[in-house]
Amino acid sequence: MEEVRTQTKKRKRNKPRKSQNNNNPSHQKNKVTHEPNQSSSALAHPTKSSTFLDKMRARLSGGHFRMINEKLYTCSGKEALDYFKDDPALFDMYHTGYQEQMSHWPEQPVNIIMKWLKNHNPSLVVADFGCGDGRLAKNVKNKVFSFDLVSNDPSVIACDMSKTPLDSSVIDVAVFCLSLMGTNYQNYLKEAHRVLKPCGWLLIAEVKSRFDPNTGGADPKKFSKAVCDLGFSSVLQDYSNKMFVLLYFKKKDKQKSEMQEIEWPELKPCLYKRR
Ligand code: SAH
């Protein structure tokens with residue numbers, strides 16, 4: 001009963017927030033929910049030990065997570081780097097909330113990328129753009145360069161991934177797993193193109209709602225066209241998962257001598273709902 005009351009209260013407290021966002025319908029439309037587990041996990045297994053204070057702490061950290069998440073989706077990579085430089089503790093806060101959200105996804109996209117790598121030659125050199133805690137590198141045999149805004153692990157290189165310290169044409173596989181967050185996301189893809197060898201792979205996993213035009217997301221065809229105009233060929237577009245899309249490309253062997261103007265669609269922020 002107690003949990004049910006908490007849920008009811010949450011809904012009431014949500015209302016003002018919704019109206020605050022009314023002038024930006026895209027924010028509403030791209031809120032991610034986790035319907036399969038959401039209500040059952042909250043209602044069926046109340047933990048006896050959870051105190052009022054624990055609940056308040058969880059609510060506070062959930063609020064912090066959503067605030068940092070929104071910041072990362074609405075600023076450039078450079079601004080995001082400065083944001084975490086000012087207060088690196090925000091990065092841990094973000095990742096605690098991120099892991100909580102991900103624990104409700106039936107499948108983690110990073111595991112799909114791991115499987116892909118395990119089915120290919122382990123000699124392929126990988127760059128993990130926006131690696132988070134560097135999980136990918138820890139779970140495959142490949143040499144992996146892991147990049148993120150903050151490094152809490154010696155294997156992770158802290159940088160804005162639009163400017164990595166890699167030389168050109170040295171990478172076989174560039175991975176973006178839920179990391180095309182900045183408003184200048186196209187610069188991250190340009191950087192991936194620079195560091196990839198000819199015929200190298202570009203593997204993108206992104207939140208599905210960001211590519212659903214029916215809910216304010218980008219047109220996936222426009223996104224794919226822009227990536228192809230950058231110098232890639234589309235190899236796979238997989239929309240079968242409920243939570244994320246997989247878009248795989250290969251860098252073209254020969255590049256056009258003249259770069260054309262590329263029309264990049266805007267990618268809406270992915271905002272998480274209060275639980
Ligand atoms: N790929 C990981 C983490 C995804 S969360 C996974 O699948 O588990 C997205 C990550 O991208 C965050 O850690 C965030 O800090 C990082 N990120 C976002 N913009 C970035 C930028 N401009 N440069 C480097 N990392 C960035």
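The values are calculated or read from the model by the stated rules, or taken from the named source; none is laboratory data. Remember, predicted model here, so these are calculated numbers, not experimental data. Heads up, the Cβs are rebuilt from the backbone with ideal geometry, glycines too, and the neighbour counts pull from every protein chain shown. Note: areas computed on protein heavy atoms with side chains; ligands, DNA, RNA excluded. Shrake-Rupley method; radii C 1.70, N 1.55, O 1.52, S 1.80 Å.
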(Q) Ignoring ligands, DNA and RNA, please state the percent of accessible area on the stretch 188-275 from carbon and sulfur, probe 1.4 Å. (A) 51 percent
**Q.** Of 141/256; 55/138; 71/141; 78/197; 71/254; 78/273, pairs whose Cα-Cα distance is over 30 Å
**A.** 141/256; 55/138; 71/141; 71/254
Q: Using the heavy atoms of the protein chains and a 1.4 angstrom probe, tell me the accessible area per residue for the stretch 144-275 in square angstrom.
A: 44 Å²
Q) What is the packing order of peptides 210-216, 172-178, taking the mean over residues of other C-beta atoms within 10 Å and listing the highest first? A) 172-178, 210-216
Q: Would you mind classifying the stretch 153-275 by shape? Square roots of the alpha carbon gyration tensor eigenvalues, ordered a ≥ b ≥ c; an a/c under 1.5 is rounded, otherwise it is prolate if a/b is larger than b/c and oblate if not.
A: oblate
Q) So if we plug the beta-carbon distance of residue 228 and residue 85 into 1/(1 + (r/R0)^6) with R0 = 35 Å, what FRET efficiency do we get, rounded to 0.05? A) 0.50
Q: Please compute the net charge surrounding residue 221, taking Lys and Arg as +1 and Asp and Glu as -1 over other residues with Cβ under 13 Å from its Cβ.
A: -2
Q.
Within the stretch 237-263, name every residue whose backbone N is under 16 Å away from a label modeled 7 Å from Cα of residue 115 along the Cβ vector.
A. 237-248
Q: Subtracting the Cα-Cα distance from 0.36 nm times the residue separation, let me have the gained length for residue 168 to residue 241 in nm, one decimal.
A: 22.9 nm
Q. Largest first, how would 67, 181 line up by accessible area (1.4 Å probe)?
A. 67, 181
